[in-house]
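Report on one structure; see the data block that follows.
We did not get these values from a lab; they are worked out from the coordinates using the rules stated. A quick note: this is a predicted structure, and the numbers were derived from the prediction, not measured. Note that each Cβ is placed from the backbone with ideal geometry, even for glycine, and that neighbours are counted across all protein chains shown.
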4 protein chains.
Amino acid sequence: MSNTHEIPQLFEYPAVITLPVQWGDQDAFGHVNNTVPIRWFESSRIHYLQQTGWPTLKIEENLGPILVAIHCNYRLQLEFPDTVHIGARVARVGNSSVTVQHLVYSQKHQDTAAEGKSVIVFFDYGRQKPVRVPEDIRSAIERMEGKT
Amino acid sequence: MSNTHEIPQLFEYPAVITLPVQWGDQDAFGHVNNTVPIRWFESSRIHYLQQTGWPTLKIEENLGPILVAIHCNYRLQLEFPDTVHIGARVARVGNSSVTVQHLVYSQKHQDTAAEGKSVIVFFDYGRQKPVRVPEDIRSAIERMEGKT
Amino acid sequence: MSNTHEIPQLFEYPAVITLPVQWGDQDAFGHVNNTVPIRWFESSRIHYLQQTGWPTLKIEENLGPILVAIHCNYRLQLEFPDTVHIGARVARVGNSSVTVQHLVYSQKHQDTAAEGKSVIVFFDYGRQKPVRVPEDIRSAIERMEGKT
Amino acid sequence: MSNTHEIPQLFEYPAVITLPVQWGDQDAFGHVNNTVPIRWFESSRIHYLQQTGWPTLKIEENLGPILVAIHCNYRLQLEFPDTVHIGARVARVGNSSVTVQHLVYSQKHQDTAAEGKSVIVFFDYGRQKPVRVPEDIRSAIERMEGKT
């Protein structure tokens, strides 16, 4: 994955994952179905959060992230075979929310295939209400974004 | 499905489909995964387009819709078992684009579970460029939206 | 769903669910993808187990079913739009295992689209070993299969 | 992927693909859902067929493979994060059918996570009937299986 460092479109993305397009990702139009980049966004978001130390894999002590909104612009029609590099970066940290930007880069097209953002809220599943993003997560995000 | 006519949140939606939540729609958080409402949006969008006479099922004569953007706000954590009613209505018809609004209503919660919109463009797959939404599709949309 | 009682292929299936084929269930061959009937099997299996009183939705007290094998014969190429009725019945109860038979009936084709079976084991997730199918589940299965 | 050559379980598999487990592959039991290895089987099957020169990506001249049966034994409960290596090999070539064996190896468990087989038939979609597996495909399979 080291070569993703040479892709200008991904320069600002501290977390990048690489996935092959699978044949079954395609729908009856012969293109990657629109739900697939949304799954890729999820995978890149979790890859990012893992690196901040946030317990994203399980809901621990009733605390976990919850997705409240997603937006995606589809730029290219992707087909199998191809390989995509999916970047995630945090654009904004609010009181309880974090806005993550996503970019999907197609190796075959050598261009951005989709980009968008998701808004997650740190959530107390037990009390069913948002909680403030903890200080250690804020610090980890700042480190990843190179703002410290 | 006739009872969906009694759901105020869906009053403005001329096309409504009803689907059960499947157990496998849930992810490791025990809730319906975020990609699932995006699939529901797609199904409701196609249900709407079918009623306008647009050839949505196959790309015929190289013409078909192409999705260019999607937005979804997740309002409730859905769980199996539940039944959802998904409404679609056209908010705007541009030159080559159509903006569709979607609403997912949970029968268990008796409330809106998710809402959002998608932007589709009528596209000539052969020449790889957008084309003007045909007049008969415009008329069909106007009829469905009760604007004629 | 009451009309599924008139489908001879489903006469022996005490649990039947009905689902629409979704457009997005289709792959690049323009047919329902092979993973989709496997999801339908899962949904019908869980529908059956729910009726036996088994806690299938969550792992409770560390006990839950675990799938150990699946087999599917694909008989027809399904397309959107269509509606499928999926039947589940128990073919055999062993010490810790239950063999479930599945049948997918296509309303459009008026014929069996796929059939197969799955083997589940009642499992203690805490101790990571199979446990004997409890007596009340055995009785519930016998009642459903009309063998009491 | 070169290191997959050192995995004894995959020694006999001439085609191997490597995929990360995605967080969203997990279901409400916190394990990879049973439909996911079926998708992996598909991806490895297509990877194999690509190497035989068979036009698997599109239906060309109305000829293409069609899946008629699948079987999967689930051996391990997989979780995110993990990486899987999926092998495919041809066990038998009949008149119009090819039986493919699949093996999913988990890097985290250092063991076989699932194995099974699929039966594909070479099919004339235009006339809707099976056709004999062409000689060049037979030769390509023999070469891949090291039987020439």
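Along segment B:99-104 the Karplus relation, 6.51 cos²θ - 1.76 cosθ + 1.60 evaluated at θ = phi - 60°, assigns HN-Hα couplings of 9, 10, 9, 10, 9, 9 Hz to successive residues, with x for each Gly and Pro. In terms of other Cβ atoms within 10 Å, D:36, A:32 run from fewest to most in the order D:36, A:32. Between segment A:70-99 and segment A:1-44, what is the C-alpha centre distance in whole Å? Going from one Cα centre to the other spans 8 Å.
Residue by residue along C:65-75, Cβ atoms of other protein chains within 10 Å of the local Cβ number 6 on average. Under a model in which nothing but the beta-carbon of Lys, Arg (+1) and Asp, Glu (-1) is charged, segment B:78-143 shows a dipole of about 360 debye around its Cα centre.
Which is farthest toward the positive dipole end of chain B among B:119, B:71, B:84, measuring Cα position about the Cα centre, with Cβ charges +1 (Lys, Arg) and -1 (Asp, Glu)? Value computed over the given set: B:119.
As a proxy for reagent exposure, B:97, B:118 were ordered by neighbouring Cβ count within 10 angstrom, fewest first; the result is B:97, B:118.
In this calculation the C-beta distance from residue B:6 to residue B:142 is compared with R0 = 25 Å, giving a FRET efficiency of 0.45. Other protein chain C-beta atoms within 10 Å of residue C-beta, averaged over C:88-95: 0. Across peptide B:11-24, the average count of Cβ atoms from other chains found within 10 Å of a residue's Cβ is 3. Arranged from fewest to most other beta-carbon atoms within 10 Å of their beta carbon, B:103, C:63 become C:63, B:103. In this structure, the amide hydrogen of residue A:69, modeled 1.01 Å from its nitrogen in the peptide plane, lies closer than 5 angstrom to those of A:119, B:74, counting only residues at least 5 positions away or on a different chain. Computed from point charges on the beta carbon alone (+1 for Lys and Arg, -1 for Asp and Glu), the dipole magnitude for segment C:2-144 about its Cα centre is near 420 Debye.
The C-alpha atoms of chain A define a longest principal axis, and helix A:35-51 lies at about 40 degrees to it.
Could you grab the Rg to Rh ratio for segment B:2-144? Cα atoms only, Kirkwood for Rh. Across segment B:2-144, the Cα-based Rg/Rh ratio is 1.00.
Does the protein assembly as shown come out rounded, prolate or oblate by the C-alpha gyration tensor, with a ≥ b ≥ c the root eigenvalues, rounded set by a/c under 1.5 and, if not, prolate when a/b is larger than b/c and oblate if not? Since a/c stays below 1.5, the shape of the protein assembly as shown is classed as rounded. Rounded to the nearest 10 degrees, what's the angle between the helix D:135-144 long axis and the longest principal axis of chain D, both from Cα atoms, 0 to 90? Helix D:135-144 sits roughly 30 degrees off the main axis of chain D.
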